[in-house]
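Engineer: Below you will find the structure I want to go over with you.
The values are calculated or read from the model by the stated rules, or taken from the named source; none is laboratory data. Computed from a prediction, not measured in an experiment: that's the story for all the values here. Here Cβ is always computed from backbone atoms with ideal geometry, including for glycine, and neighbour counts include all displayed protein chains.
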Amino acid sequence: MNLNDIEVNSITRRFEDTVAVDNVSMNVARGELFGLLGPNGAGKSTLTKMLCGMINPTSGTIKVGGYNIQDYPMKVKELLGVVPQDIVLYDYMNARENLTFFGKLYGLSGGKLRNRIEELLKFTQLDEKAVKRHISTYSGGMKRRINIAAALLHEPQVILLDEPTAGLDPKNKLALWEMIRTLNKEGKTIMLTTHMMDEAEELCNQVAIMDKGKIIALGSPRQLTKKVKMENIITILPDKITSKLMEATQKIAGVKSSYRAYDENEKIETLKIITERAEDILPDIVSAISSVGTKILSVELSRVTLEDVFILLTGRSLREEEEPL
Amino acid sequence: MKLKRTIHQVFAIAKTDFLGIARNKTAIFFTLLFPLFFLIIIGFTFGTQGTGESSRIHVGTVNFDGKMIVVNGTVSKNSTIGDAFVQALKDANFTVYEYSTYGDKDTDGTAAYDISRGQIKIAIVIPANFTEALSYQYTDSLGTPIPTKAHLDLYTDPSDPTGSIIVQQSIFGFISVFIDSYQEIVISQIPEDSRDYAKVLADPITVSISEADVSGRQLRWIDYMVPGTLGLVLLWSGLNHASVAIASERTKGTFQRMIIAPVSPITVLAGKFISCLAIVYLSAVIMLASGILIFQVNLYWNLPAIALSIFLGGLSAIGLGLIISSLAKNEEAANSIAVLISVPLQFFIGAFFPLSIMPEPAQIFGEALPFTKLVYAMQDIMTKNLPFEAVMPEILYMTISGLILFVLGIIAYWLSIKRL
């Protein structure tokens, strides 16, 4: 039997006239690494707040580890380890003092707490010198590792991670991904909210995409890209993008869809064409672009990503500022 | 088991909150040492009043006595009593500056100039006929003395009304003693059988003022002030710290992290309350110890009554702080509101200045404050050594107001959780 650690049944949450979460249902199986994706205002934060008992749903039920959160809030809180997006630590205390404090909140004390803290300090790979320093002197990556460790003290079965790698450099990001994978391998059920597609694709075996309070797609990253029945994407960098160019590309046989996309890193606008048989139609695309007097500066062939799926489903980009938990 | 766990949680929250003060120099100053700063400044300024030190009073004299005047058609030049008056001022330990003329505020070296610069607080102008008048040298054509009063002109500094009143009181007291001595001399010169009659005529009513024995000791202002500063402790350490206790956790996100742990909101509140109370008691100990070490105050130590009074006063301060902390948008807003409330309030609680010198509406407002009741109770217990029963009205008032404010604080706290 597939045991679900998180069961969300027809959850709705209203704030006066606004419906933040609209009749959402989803399950997260034990041992799964589940990604919740969506732009700002999609309802991810509200859903996460309801999952950890900070706010109550207007209707519907949530079960964590089989316990209804409204009937057994304390039991659910013991099963959950919540890692907020912001660094929520006392900067005037050192790592050990912070972990001791949060451990005591979860009912740990004495030798058990001391041993657990030492285990987690080893897990975070902080040296003894750093452990004795106040958190205010830590780098962003060190703070984030302790931020995660503080949620693991009581060995929770279910871990909620809110944008765990936000603001981290690539080296620290990879180190944190490794930490998350290790936890998952230990059998922990992990749900992470993120707007980083590479993170979700790299880590998650199940993904839900939320928009306007609803789940608009649910499945593995592979299933989601297959669901839109598109395997490839051609990214073209023309010297200019005009409406004539857009019309010309859409008329080519075999093109499912084409859209303009802005690359924030490169600060350039590209033309994306989605198709099932990229190699076959590439010559037609090149001639169509030339026919409207546009020069091609570069062409790139890649697989459809979750970002592309989201854009196709909603017509909007996912890369927006997220509201922290 | 559950109780033990809750106790651990409460003390972990209290300890963490306390460390937040102990490891922050700015917080230590504003929470623990600011009342002490006030005590030291005001203590050194006014604290020794009540010991009769007149040397602090700077008096200017313009002695025209001895200048030539015409008395009974002949020129007189006698300065005996005027000189004696100035000497008596010096003997009474006033700091005396002598001038040849009263002058004006723009002429350097004159009494008026020094009053305008704050060099002297009062100028006494002794007229040229001071000795002649007091020695009955004015006579009629038959040689019978004409009663002539000697007149002194006093000039005070209008820019310092409070200081002027204190100086005037001292100078009037001095003049009264001087007149008594003069009367003694004059009366001793009249026939013996008329002397008693003359004494009554000269002084038909006598007044003696003595300080009632309220403490068993000679008291100075500082002896009242040090117990009174415990009211300041409530405002600065209690109200101010409680005001940011929840708001700062909410701003940092640590409050949300506590709430999503298996910790009840009441446990968080209890931890915060214990920490606030510990800070109030610590600040009180610092204030009292400083009073003893710096100003050598002599106090009576009814420890249970003192501890209970501080607890009840603390209940009001923390309750009010909790309301601010829960309703304020963030830590900065909470801090600003707390300062806005505590700074003016400290002048209405009778810690530094008695409420009796204030206008009636201010007195009514001050009397309604639970912090004022703590000041009264502490002064009664620690300075006057009154029994606990004597401060029961203050204790009852603090209990009721403390409970009301604390319950309102809890309601505000619940509302703030719902807003998360």
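Engineer: Mind counting the residues in the range B:1-16 that are more than 10 Å from every other protein chain (Cβ to nearest Cβ) and closer than 30 Å to B:GLY228 by Cα?
Structural biologist: Here the count works out to 1.
Engineer: Do you know which residues across the range A:263-283 are outside any helix (DSSP H, G or I) and in contact (Cβ under 8 Å) with a residue 12 or more places away in the chain?
Structural biologist: Within the range A:263-283, A:GLU264, A:ILE268, A:GLU269, A:THR270, A:LEU271, A:LYS272, A:ILE273, A:ILE274, A:THR275, A:GLU276, A:ARG277 qualify.
Engineer: For residues that are under 19 Å from the mean Cα position of the chain (by Cα) and on the phi > 0 side of the Ramachandran plot, scanning just the range A:133-183, find the one that is surrounded by the most Cβ atoms within 10 Å (Cβ to Cβ).
Structural biologist: In this case the residue turns out to be A:GLU163.
Engineer: Among the numbered criteria (1) over 30 Å from A:PHE15 (Cβ atoms); (2) touching a Phe, Trp or Tyr at 6+ places or on another chain (Cβ under 7 Å), which single criterion is violated by A:GLN206?
Structural biologist: Here A:GLN206 meets the rest and fails (1).
Engineer: Just one of B:ILE410, B:ILE404, B:ILE400, B:ILE417 is under 26 Å from B:PRO265 (Cα atoms), β-branched (Val, Ile, Thr) and at pLDDT below 90; which is it?
Structural biologist: After applying the criteria, what remains is B:ILE417.
Engineer: Taking into account only those residues within the range B:56-78 that are hydroxyl-bearing (Ser, Thr, Tyr) and more than 42 Å from the chain's Cα centre (by Cα), which is surrounded by the most Cβ atoms within 10 Å (Cβ to Cβ)?
Structural biologist: Checked the range B:56-78; the qualifying residue surrounded by the most Cβ atoms within 10 Å (Cβ to Cβ) is B:SER76.
Engineer: Does the range A:238-276 hold any residues that are surrounded by fewer than 16 Cβ atoms within 10 Å (Cβ to Cβ), within 16 Å of A:SER298 (Cα to Cα) and of a type in the set (S, T, N, Q), and which are they?
Structural biologist: None; the set is empty.
Engineer: Within the range B:17-26, track down each residue that is in contact (Cβ under 8 Å) with a residue 24 or more places away in the chain and within 10 Å of another protein chain (Cβ to nearest Cβ).
Structural biologist: Once the filter is applied, which keeps residues that are in contact (Cβ under 8 Å) with a residue 24 or more places away in the chain and within 10 Å of another protein chain (Cβ to nearest Cβ), the range B:17-26 yields B:ASP17, B:GLY20, B:ILE21.
Engineer: Of the residues A:VAL88, A:VAL64, only one is closer than 30 Å to A:ASP198 by Cβ, among the β-branched types (Val, Ile, Thr), crowded, with 22+ Cβ neighbours inside 10 Å and within 10 Å of chain B (Cβ to nearest Cβ); which?
Structural biologist: A:VAL88
Engineer: Of the residues A:LEU37, A:LEU80, which single one is farther than 28 Å from A:THR314 by Cβ and either buried (at least 21 other Cβ atoms within 10 Å of the Cβ) or at the interface with chain B (Cβ under 8 Å from one of its Cβ atoms) (or both)?
Structural biologist: One residue alone meets the criteria, A:LEU80.
Engineer: Here's another thing I want to ask about it. What is the residue count in the range B:290-315 for residues that are aliphatic (A, V, I, L, M) and either touching a His at 6+ places or on another chain (Cβ under 6 Å) or over 26 Å from B:ILE41 (Cβ atoms) (or both)?
Structural biologist: Residues that pass the stated criteria total 6.
Engineer: Take B:LEU308 and decide whether it is in contact (Cβ under 8 Å) with a residue 40 or more places away in the chain and either assigned by TED's automatic domain parsing to the domain that holds B:ILE246 or among the aromatic types (Phe, Trp, Tyr) (or both).
Structural biologist: yes
Engineer: Take the residues of the range B:145-185 that are modelled with pLDDT under 85 and over 29 Å from B:ILE120 (Cβ atoms): which is surrounded by the fewest Cβ atoms within 10 Å (Cβ to Cβ)?
Structural biologist: Among them, the one singled out is B:PRO147.
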